[in-house]
Each structure stands twice: as C-alpha cells, then as structure tokens.
Amino acid sequence: MKIPLCVALVAMAIASSPVAAQSPLVGRWDIEYERGRRIENDVVTPVMGTASLTIAMQGDSLVATLQPTPRPDGTPVPAATMSAKPSTAGVVFVQKQIVQINLDGDVRPQEAIITWTLQATGDALTGTLLRALPMMPEAPTATPVTGKRM
C-alpha cells in the first residue's frame with residue numbers, strides 16, 4: 001500500500017508544479033507599446049507601435065516571438081524571439097536590440113536592452129517595457145504594454 005501512495009504523491013507534485021501548469025500568457029496577442037522615441041530640441045515624443053506577440057511553453061520556459069507591424073514608411077521589421085522562466089507573477093523577457101540613434105543628423109546603430117514585464121488575466125495582457133541604452137546616462141523609464149488575446 002505504501003508504493004501506490006508514493007506514486008500518487010509524486011504524480012500530484014508533478015501536476016501541481018509551475019512547469020506542468022499552463023501559463024495564462026500562452027497564446028497569441030495583439031499588443032500596443034512604445035516602439036521608440038523621437039527627441040528633437042530636447043522634446044521627447046513617444047513613437048507608438050503595434051505587434052503580434054506569440055507566447056508558447058517549451059519545456060519549463062516561455063518562448064515569445066514578437067512580430068511588429070511595418071514601420072510608418074512601410075519597411076518591414078524583423079521578428080524577435082526571447083525566452084524566460086514563468087513565475088506566478090507573470091514573466092520578464094530581456095531582449096537585446098540594435099536601434100538607430102540620430103544625433104544631429106549623424107545616424108548610427110546602438111545596442112539597447114529591452115526588458116518586457118508581462119502579466120495576463122483572461123484575455124487581457126498588461127505590463128511594462130523598459131528600454132536601456134548604454135550610451136544614454138539617464139535612467140530608463142518604464143512605459144505601458146497592453147494587449148488582447150487574438
């Protein structure tokens with residue numbers, strides 16, 4: 001009788017583990033977020049964007065594919081993939097990205113580190129995006145991310 005009880009306890013532990021549980025973030029989302037910023041004469045203007053965000057469970061990790069809509073000039077934006085371990089509070093994805101910095105007409109590429117902190121409740125996605133540029137000494141500001149399940 002002890003062996004079936006042990007097997008039952010192990011099975012219950014596996015079934016209730018966070019890895020076995022399906023994250024509420026899994027699915028396909030239409031999201032809105034701050035795609036970038038335009039700074040002219042010390043005036044900061046957010047550049048808003050939309051994207052499709054697909055999140056899937058792979059093993060014990062969440063893997064997200066972000067497919068932004070084309071830029072305002074129509075040029076396509078390549079998809080980005082990121083992964084992280086889920087938690088009961090949601091997920092934090094960290095993405096490295098090359099951005100274009102235009103300083104007085106001098107356009108050059110710069111690495112940015114983007115931290116996506118996301119939570120899902122039902123068909124609503126909420127969170128923040130924090131974009132850090134190593135060349136910019138000021139502290140980055142978190143901006144909202146919102147979305148609806150597709």
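Rounded to the nearest 20 debye, what is the charge dipole size of the chain about its Cα centre when +1 sits on each Lys and Arg Cβ and -1 on each Asp and Glu Cβ?
600
Which FRET efficiency value, to the nearest 0.05, do you get for THR115 and ARG28 by plugging their Cβ-Cβ distance into 1/(1 + (r/R0)^6) with R0 = 22 Å?
In this case the efficiency is close to 0.50.
Starting from the Kirkwood radius over alpha-carbon pairs of the chain, derive D by Stokes-Einstein at 37 °C in a medium of 0.692 mPa s and give it in µm² s⁻¹.
Calculated translational D: 188 µm²/s.
Give me the one-decimal nm value for the distance between modelled label points at ALA139 and ASN102, 7 Å along each residue's Cα-to-Cβ direction.
The answer from the label model is 3.0 nm.
Sticking with the crude label model, points 7 Å out along Cα→Cβ, report the distance from THR65 to THR146 in nm, one decimal please.
2.7
Using protein chains only and a probe of 1.4 angstrom, how many square angstrom of GLU32 are accessible, to the nearest 10?
About 110 Å², ignoring ligands and nucleic acids.
Please compute the contact order of the chain in relative form: average sequence separation of alpha-carbon pairs under 8 Å and at least six residues apart, divided by the residue count, as a percent.
Once divided by the residue count of the chain, the mean separation gives 19 percent.
Fully extended, how many nm does the chain gain between ALA79 and MET48 (0.36 nm per residue separation, minus their Cα-Cα distance)?
Length gained between ALA79 and MET48: 9.5 nm.
Obtain the nm distance between the two label points defined at GLN95 and MET57 by a simple spin-label model: each point lies 7 Å from its Cα along the Cα-to-C-beta direction.
Rounded to a tenth, the inter-label distance reads 2.3 nm.
The values are calculated or read from the model by the stated rules, or taken from the named source; none is laboratory data. Note that this is a predicted model, so its numbers are computed, not measured. FYI the Cβ positions are ideal-geometry reconstructions off the backbone, even for glycines, and counts take in every protein chain you see. Only protein heavy atoms, including side chains, enter the accessible area calculation; ligands, DNA and RNA are left aside. Shrake-Rupley method; radii C 1.70, N 1.55, O 1.52, S 1.80 Å.
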